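Asker: One structure, as structure tokens, below. Some questions next.
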Amino acid sequence: MAKDIWKRGDSWYINIWDPVGKVKIKKRIGPNKRAAEKVAEQVRARLLNNSLGLRAQIKAPTIDEYGPVFLADNYAGKPTTAVRAAHSLRVFRERVGNLKLTDITMAVMHQYISWRSKQLVHSPYRGRFASSEKARAWNGANRDRKKVAKGTVNCDIDTVKRMLNHALEREVIDRNPIARFKKFSTKDNARTRYLHHPEIKTLLSAAVESRSRQLLPGLVLSMYLGRRSGEIFKRRVKDYDRANGILFLGTTKKGRPESIPVPFAARRILDALCDQATTPWLFPNSKGTGPIKSMGTAFKVAKERAGITNFRWHDLRHTAISYMVMSGVDFFTIAALVGHTTPTMIQERYGHLSPRHMEASAVLFGGYMDRLTGGGAGAAPALTNTPIVAQVAEMLSREAASDMLIATIPAQPEAHAPQLVSVP
């Protein structure tokens, strides 16, 4: 029994050899040794019954048989992710064939990603636009070099692994043969394009002149809240708690409802949107039957007018997060405000944006230690006799206070607000 259970840290694990499946059954039980012994007894009894032929072997279903069940169970009520998962599963099925779930081995996955990573991206111009001048230009310029991104391949891998884990949880299969399969690293592809201070003012000025009365409110809310476009555009009037300045986001990408505080400048925009709303949505479509999906055309025209290139709507989220970091907000708070599960991505992608603030923190800590140790006389040659607060203020002044988002709204917002948020 001792070799079947073992302890690592504060948790007990079972580790039992399955002579039929030729695998080790490993599972974390918890801090209770007696519970681990009980689970080990149950697993050994089940394996013994199977080896004696008293339990029928599990017959694994094929991808065509189990795929629809998996998609229905995991993506009900999630139309966007359901389409993406169905596409990933369809491409995988067309390449590897209608395999049994237990036949999807590590070798099969390696062969698939080797093929998938060499595939070319499909042209975005389809249907009646397939023969347009833009389509021909896109095919000529990008077709030979634009391949499927690593993130797209990782999405396919995730879908297949989730399907096998789903089958394993429901005891449709005995094990997940690709449980240890690793995805591509996408750290080198991290994109952190954000607007600098002059670009922010130029873009907002261009949005003022836009024919779309929803563009400027959308831009300002995206930069102040740092949320994804869908989380902002799908909001209803009732989602905004005007008295407390709280915006309810419903079920987000994290899979649970969220509520976030709204900065005062953004509250003015939401107040005006609510006052002038004639539909349940803050950003209604042209027919008033639902929310808008995007502001692609108006946003593109505003960017061209402002002379801003290589910038997407999602980069407004990067802009908000970047200035949160540079204004000294900690990573945990930023992750909670913008909807990240952990602050790890914030730290990896945006941690390099605030060197002056890190230097200021070091000065603060150094001043504190000076008082504890009695040192400091001659410790800081240029600033020895300067008060510690003045040192920090001097360092932070190099960051140009005008870089803060609080100054990004046009000079006279009241004069523009009525026309900017009027109903289209």
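The values are calculated or read from the model by the stated rules, or taken from the named source; none is laboratory data. Values in this document were obtained by computation on a predicted structure and should not be read as measured data. Heads up, the Cβs are rebuilt from the backbone with ideal geometry, glycines too, and the neighbour counts pull from every protein chain shown. These accessible areas exclude ligands, DNA and RNA; they are computed on the full protein's heavy atoms, side chains included. Shrake-Rupley method; radii C 1.70, N 1.55, O 1.52, S 1.80 Å.
Asker: Here are some conditions: (1) open to solvent by 60 Å² or more (accessible area, probe 1.4 Å); (2) modelled with pLDDT of 95 or more. TYR240 meets all but one. Which one does it not meet?
Answerer: Of the numbered conditions (1) open to solvent by 60 Å² or more (accessible area, probe 1.4 Å); (2) modelled with pLDDT of 95 or more, the odd one out for TYR240 is (1).
Asker: Pick from the stretch 95-130 the residues that are at pLDDT 80 or above and of a type in the set (Ser, Thr, Tyr): which of them is nearest to ILE63 (Cα to Cα)?
Answerer: Here the answer is THR102.
Asker: Additional query: For LYS234, state whether it is over 29 Å from GLU348 (Cβ atoms) and either open to solvent by 40 Å² or more (accessible area, probe 1.4 Å) or at pLDDT 90 or above (or both).
Answerer: no
Asker: Go through the stretch 254-268 residue by residue and tally those that are out of contact with any Ser or Thr (no Cβ under 9 Å at 6 or more places or on another chain) and either open to solvent by 30 Å² or more (accessible area, probe 1.4 Å) or of a type in the set (Lys, Arg) (or both).
Answerer: 8
Asker: Restricting to the stretch 57-69, and then to whatever is open to solvent by 80 Å² or more (accessible area, probe 1.4 Å) and in a loop (DSSP other than H, G, I, E, B), can you tell me which residue is modelled with the highest pLDDT?
Answerer: LYS59
Asker: Only one of ILE232, ILE178, ILE157 is closer than 30 Å to LEU273 by Cα and out of contact with any strand residue (DSSP E or B) (no Cβ under 6 Å at 6 or more places or on another chain). Can you tell me which?
Answerer: None of the others qualify; the one that does is ILE232.
Asker: Separate question: Given (1) of a type in the set (Asp, Glu); (2) at pLDDT below 90; (3) closer than 30 Å to TRP17 by Cα, where does GLU133 come up short, assuming only one miss?
Answerer: (3)
Asker: Could I ask something else about it? So SER229 ticks every box in (1) free of Cβ contacts under 8 Å to residues at least 40 places away in the same chain; (2) among the hydroxyl-bearing types (Ser, Thr, Tyr); (3) surrounded by 15 or more Cβ atoms within 10 Å (Cβ to Cβ) but one. Which box is left unticked?
Answerer: (1)
Asker: Among all residue pairs at least 6 apart or on different chains, which show Cβ distances below 6 Å where the first residue, located in the stretch 266-282, is of a type in the set (A, V, I, L, M) and assigned to a helix (DSSP H, G or I) and the second is buried (at least 16 other Cβ atoms within 10 Å of the Cβ) and modelled with pLDDT under 90?
Answerer: Listed by first residue and then by second, the contacts come to ALA272/ALA417; ALA272/VAL421; LEU273/VAL421.
Asker: Oh, and also: Might you check whether a residue that is open to solvent by less than 70 Å² (accessible area, probe 1.4 Å) and farther than 20 Å from ARG180 by Cα occurs anywhere in the stretch 103-110?
Answerer: No, every residue in the stretch 103-110 fails to be open to solvent by less than 70 Å² (accessible area, probe 1.4 Å) and farther than 20 Å from ARG180 by Cα.
Asker: A follow-up question, please. Kindly indicate the residue of the stretch 1-49 that is closer than 15 Å to ARG175 by Cα and at pLDDT below 70 and also least open to solvent (accessible area, probe 1.4 Å) among those meeting that condition.
Answerer: GLY21
Asker: Sticking with this one: Quickly run through the stretch 294-322 and pick out the residues that are of a type in the set (Val, Ile, Thr) and not in a helix (DSSP H, G or I).
Answerer: Those that are of a type in the set (Val, Ile, Thr) and not in a helix (DSSP H, G or I): ILE308, THR309.
Asker: Would you be able to tell me the number of residues in the stretch 168-179 that are in contact (Cβ under 8 Å) with a residue 24 or more places away in the chain and open to solvent by 60 Å² or more (accessible area, probe 1.4 Å)?
Answerer: Count: 3.
Asker: Please find, within the stretch 136-164, the residue that is modelled with the lowest pLDDT out of those that are exposed (fewer than 11 other Cβ atoms within 10 Å of the Cβ) and under 27 Å from PHE184 (Cβ atoms).
Answerer: Once the filter is applied, the top-ranked residue is ASP144.
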